[in-house]
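Engineer: Pasting a structure below so you can have a look.
The values are calculated or read from the model by the stated rules, or taken from the named source; none is laboratory data. Computed from a predicted structure; not experimentally measured. Neighbour counts are summed over all protein chains in view; Cβ atoms, including those assigned to glycine, are modelled from backbone coordinates with ideal geometry.
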Amino acid sequence: GTWDRDESLAFLEKATGRDEPDAADALAAELGDLPLALVQASGYVRTTGIGLADYLARYRERGAALWQKQSPPADYQQRTIATTWDLSREQLKDAVDLLRLCSFFDPDGIPRSLLAAAPDALPKKLAEIVTDDLAFDAAVAQLRRLSLVDFADGDLTMHRVLQVVVRDGIRKQDRAKWVERAAETVAGLVTYEVNRVETWEPSAAVLPHALALADAADQVAAPSERVGWALDRIATGHWRLGRYRLAREGLLRALEVTETVFGKDHEEVAVRCSNLGVIEKDLGNLEEAKRLLERAVEIDEQAYGADHPRLAIRYSNLALVEQELGNLGEAKRLLEWSIEIGEEAFEADHPALAIRYSNLALVEQDLGNLGEAKRLLERAVEILEQAFEADHPHLARSYFNLGQVEKRLGHVKEARRLFEAAIAIDSKVLGLDHPSVAIRYHDLALLQWGLGEESQARERMRGAYDIWLKRLGAEHRWTKLAASWLRKHDPEFEH
């Protein structure tokens, strides 16, 4: 939007300390009363000490020269900001590269930790700026004097239109290089490792900057697979933390980037499809999950052959979808093949095997083979207890799965112990509002109801419903499942 003329004049007088009403009116008119342009103009005047009339003359001269060299943007606001930016750039020294780097990230809060995450990927002087406190302070001061950024609570902010203008101002032959610098900077904060819970949240927090970078790379026609890789890891962190919708947003963008860089049939595309398929499954989109996972299998079978270790996880993920679709025979076939590949590739006590034993046990349970399901789960628990600390989520999942089998075998006391152990781990490590906690609550509620503990069962089921409603929405099958039970058994349930 724009200011009205009186607002523009009042701002210019206050910001510059100059009483030049005619020049101020002419400048405001020339800049179209655009707040960002007026802010940049006042910063330039304040820094250089020139008058408003002098700035207006420079603006007109620079604009005429600038748009003789290149076609002006069609958008008036962008054209105006591009001219004020071109004037301001003359006053910057090394800080101009800091502004260029910032132009690729989410503008609403760029932390110093992000800018300093990969100094080896940056030009030497910029690397010094982002790693040295005094140099950073000096560069930020330059940018603030010219009203190009704000800085508060350790974060830089930058106007979105200015970001576009700054990126457009980078020479075409240098744009891909700047995208890669920004990509390495984002990647420097992506520490996600599947078995290290402490890495999930720090990586997940980078999502807004990775998404902004993907869009910026598109704008300058310089897609980067490093961005696709970072988005994949970041989104997987969100999935582990139960933020399935955010995870889906990140993985969809990661898939787009990877397809743009490599084409539709590259092995990295299979990775993105597989991870997105798992998220679609948890969101209840089973047919889409199956399509994505089958595509991942097809790509990798063409590239590596059906018995390659890379295929083991593809088959396992697809099997979980087949199970939820009721195709138990196919699910069992896929999991047995996944385990056979894994047993050839890994040591006998590898955690990846334990997870697949646990998955196969769920299918055996659905097929009524409770003894075999219990054997597989006890083996999975044995491996995982050796591999991880006592409070790792992988253990919680296997405890819970074993509890389900024990319940069906009539071992209610042991089932309850295992359910409560799983809840304790997931609540502590993943948080009380994680969808996995809701699954544990749901099954414990059913067990408690069967024992006559009606008030405790209602409380647990309400907890499950509240989590699923918040994280997955009212239309998800799990939310509906809990709501159906509560309508039947809880007279105080009003949803």
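Engineer: In the list ALA415, ALA438, ALA424, which residue meets the criterion of being small (Gly, Ala, Ser), assigned to a helix (DSSP H, G or I) and either on the phi > 0 side of the Ramachandran plot or more than 28 Å from the chain's Cα centre (by Cα) (or both)?
Structural biologist: Values: ALA438 fails: either on the phi > 0 side of the Ramachandran plot or more than 28 Å from the chain's Cα centre (by Cα) (or both); ALA424 fails: either on the phi > 0 side of the Ramachandran plot or more than 28 Å from the chain's Cα centre (by Cα) (or both).
Only one candidate qualifies: ALA415.
Engineer: Here's another thing I want to ask about it. I need the full set of residues from region 156-178 which are more than 28 Å from GLY1 (Cβ to Cβ) and in contact (Cβ under 8 Å) with a residue 60 or more places away in the chain, in order please. Write out each step before concluding.
Structural biologist: Taking region 156-178 as the starting set, the residues that turn out to be more than 28 Å from GLY1 (Cβ to Cβ) are 171-178.
Answer for region 156-178, where residues must be more than 28 Å from GLY1 (Cβ to Cβ) and in contact (Cβ under 8 Å) with a residue 60 or more places away in the chain: just TRP178.
Engineer: Being closer than 25 Å to HIS476 by Cα and touching a residue at least 60 places away in the same chain (Cβ under 8 Å) narrows it down to one residue among GLY250, GLY242, GLY237; which is it?
Structural biologist: Values: GLY250 fails: touching a residue at least 60 places away in the same chain (Cβ under 8 Å); GLY237 fails: touching a residue at least 60 places away in the same chain (Cβ under 8 Å).
None of the other options fit; the residue is GLY242.
Engineer: Between a first residue in region 376-395 that is farther than 21 Å from SER436 by Cα and at pLDDT 95 or above and a second residue that is of a type in the set (Val, Ile, Thr) and outside any helix (DSSP H, G or I), which pairs have beta carbons less than 9 Å apart while being 6 or more apart in sequence or on different chains?
Structural biologist: none
Engineer: Got a sec? Which of ASP282, ASP265, ASP232, ASP218 is touching a residue at least 24 places away in the same chain (Cβ under 8 Å) and either closer than 27 Å to GLN173 by Cα or buried (at least 23 other Cβ atoms within 10 Å of the Cβ) (or both)? Talk me through it step by step, then tell me what you get.
Structural biologist: On the way: ASP282 fails: either closer than 27 Å to GLN173 by Cα or buried (at least 23 other Cβ atoms within 10 Å of the Cβ) (or both); ASP265 fails: either closer than 27 Å to GLN173 by Cα or buried (at least 23 other Cβ atoms within 10 Å of the Cβ) (or both); ASP218 fails: touching a residue at least 24 places away in the same chain (Cβ under 8 Å).
ASP232 is the lone residue from the list that is touching a residue at least 24 places away in the same chain (Cβ under 8 Å) and either closer than 27 Å to GLN173 by Cα or buried (at least 23 other Cβ atoms within 10 Å of the Cβ) (or both).
Engineer: A further question follows. When the residues of region 379-412 are filtered to those that are under 29 Å from the mean Cα position of the chain (by Cα) and of a type in the set (Asp, Glu), which remaining residue is surrounded by the fewest Cβ atoms within 10 Å (Cβ to Cβ)?
Structural biologist: Only one residue tops the list, namely GLU389.
Engineer: Which numbered condition trips up ALA390, out of (1) outside any helix (DSSP H, G or I); (2) within 19 Å of GLY242 (Cα to Cα)?
Structural biologist: (2)
Engineer: Name every residue in region 205-215 that is of a type in the set (A, V, I, L, M, F, W, C) and free of Cβ contacts under 8 Å to residues at least 40 places away in the same chain, in order of residue number.
Structural biologist: Here is the first cut: in region 205-215, the ones of a type in the set (A, V, I, L, M, F, W, C) are 205-207, 210-214.
Residue satisfying the conditions is ALA205 alone.
Engineer: Of everything in region 160-183, what is hydrophobic (A, V, I, L, M, F, W, C) and part of a helix (DSSP H, G or I)? Give them in sequence order. Break it down into steps so the answer makes sense when it comes.
Structural biologist: Just the residues of region 160-183 that are hydrophobic (A, V, I, L, M, F, W, C), to begin with: 161-162, 164-166, 170, 176, 178-179, 182-183.
Once the filter is applied, which keeps residues that are hydrophobic (A, V, I, L, M, F, W, C) and part of a helix (DSSP H, G or I), region 160-183 yields VAL161, LEU162, VAL164, VAL165, VAL166, ALA176, TRP178, VAL179, ALA182, ALA183.
Engineer: While we're on this one: Take region 80-138 and flag every residue that is of a type in the set (Asp, Glu) and assigned to a helix (DSSP H, G or I).
Structural biologist: Taking region 80-138 as the starting set, the residues that turn out to be of a type in the set (Asp, Glu) are 86, 90, 94, 97, 106, 108, 120, 128, 132-133, 137.
Across region 80-138, the qualifying residues are ASP86, ASP97, ASP120, GLU128, ASP133, ASP137.
Engineer: Would you call THR185 at pLDDT 90 or above and touching an Asp or Glu at 6+ places or on another chain (Cβ under 7 Å)?
Structural biologist: Numbers: at pLDDT 90 or above: yes; touching an Asp or Glu at 6+ places or on another chain (Cβ under 7 Å): no.
Taking the combined requirement at face value, the residue does not satisfy it.
Engineer: TYR244: out of contact with any Leu (no Cβ under 8 Å at 6 or more places or on another chain), surrounded by 16 or more Cβ atoms within 10 Å (Cβ to Cβ) and not hydrophobic (A, V, I, L, M, F, W, C), yes or no?
Structural biologist: Values: out of contact with any Leu (no Cβ under 8 Å at 6 or more places or on another chain): no; surrounded by 16 or more Cβ atoms within 10 Å (Cβ to Cβ): yes; not hydrophobic (A, V, I, L, M, F, W, C): yes.
So TYR244 fails the test.
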